[in-house]
Amino acid sequence: EAGVTQSPTHLIKTRGQQATLRCSPISGHTSVYWYQQALGLGLQFLLWYDEGEERNRGNFPPRFSGRQFPNYSSELNVNALELEDSALYLCASSPWTGGNTEAFFGQGTRLTVV
Amino acid sequence: QQQVKQSPQSLIVQKGGISIINCAYENTAFDYFPWYQQFPGKGPALLIAIRPDVSEKKEGRFTISFNKSAKQFSLHIMDSQPGDSATYFCAASFLSGGSNYKLTFGKGTLLTVNP
């Protein structure tokens with residue numbers, strides 16, 4: 001069974017540009033979570049999508065947005081990139097069970113803003 | 001408050017020794033406490049998890065100890081091996097609107113096991 005896949009692996013953008021990161025969850029998983037892992041800050045929750053809807057959002061500005069498609073894959077968009085947006089962006093997925101379940105992480109997209 | 005505080009920030013242990021990482025949380029509504037292991041260039045992977053209705057859970061060389069009254073939980077790695085060298089994150093979550101959860105992570109502990 002394929003795990004959570006993220007693309008691209010690495011992304012280099014210039015300050016002010018937009019970045020689009022993609023995530024394909026494990027087959028059968030309907031929930032997708034996005035996390036930012038910046039150096040020294042640990043993992044910070046960004047967004048949670050389930051069944052195509054945004055269910056929860058972390059403490060990030062509106063220029064961080066995303067969506068979930070009918071096949072449950074997801075996109076994270078970061079507009080007006082700033083240098084401090086440089087980080088590893090991790091996607092995780094979990095199945096709908098109505099309760100706490102394990103989240104499986106992808107390997108991440110390393111975004112570098114120059 | 002949904003903060004999870006993790007210590008130490010880094011830990012060096014000799015092969016065969018015991019590695020201990022501690023976490024403390026504030027939100028008493030948290031009801032799921034996983035530990036993740038992350039190797040360089042990889043995403044975090046679930047190592048072991050515990051619910052607050054038990055005080056200890058053991059899986060192989062890994063044990064979680066949970067103290068509900070103190071709002072603390074810890075990871076013990078027995079007989080630590082060089083292959084255990086990685087960053088370890090504790091996390092906590094709670095049922096949100098009766099649906100799946102989001103994780104609140106500690107800032108991580110870089111464990112180095114010397115041969």
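The values are calculated or read from the model by the stated rules, or taken from the named source; none is laboratory data. Keep in mind that what you see is a predicted model, and the values were worked out from it rather than measured. All Cβ positions, even for glycine, are placed from backbone atoms using ideal geometry, and neighbour counts span all protein chains on display. These accessible areas exclude ligands, DNA and RNA; they are computed on the full protein's heavy atoms, side chains included. Shrake-Rupley method; radii C 1.70, N 1.55, O 1.52, S 1.80 Å.
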Give me a count of the residues in the range B:1-39 that are part of a loop (DSSP other than H, G, I, E, B), in contact (Cβ under 8 Å) with a residue 40 or more places away in the chain and not hydroxyl-bearing (S, T, Y).
14
When you scan the range A:62-80, do you find a residue that is of a type outside the set (S, T, N, Q), without any contact (Cβ under 8 Å) to a residue 24 or more places away in the chain and assigned to a strand (DSSP E or B), even just one?
yes
Name, by its number, the condition in (1) open to solvent by 40 Å² or more (accessible area, probe 1.4 Å); (2) assigned to a loop (DSSP other than H, G, I, E, B) that does not hold for A:I26.
(1)
Residues of the range B:2-30 satisfying the condition of being within 13 Å of another protein chain (Cβ to nearest Cβ) and open to solvent by 40 Å² or more (accessible area, probe 1.4 Å)
B:Q2, B:Q3, B:K5, B:S7, B:Q9, B:S10, B:A29
Every pair of residues 6+ apart whose Cβ atoms lie under 8 Å, when the first sits in the range B:104-115 and is in contact (Cβ under 8 Å) with a residue 40 or more places away in the chain while the second is charged (D, E, K, R) and not in a strand (DSSP E or B)
B:L111/B:D84; B:V113/B:K15; B:V113/B:D84; B:N114/B:K15; B:P115/B:K15
Complete set of residues in the range A:16-33 that are modelled with pLDDT under 95 and within 28 Å of B:Q3 (Cα to Cα):
A:H29, A:T30, A:S31, A:V32, A:Y33
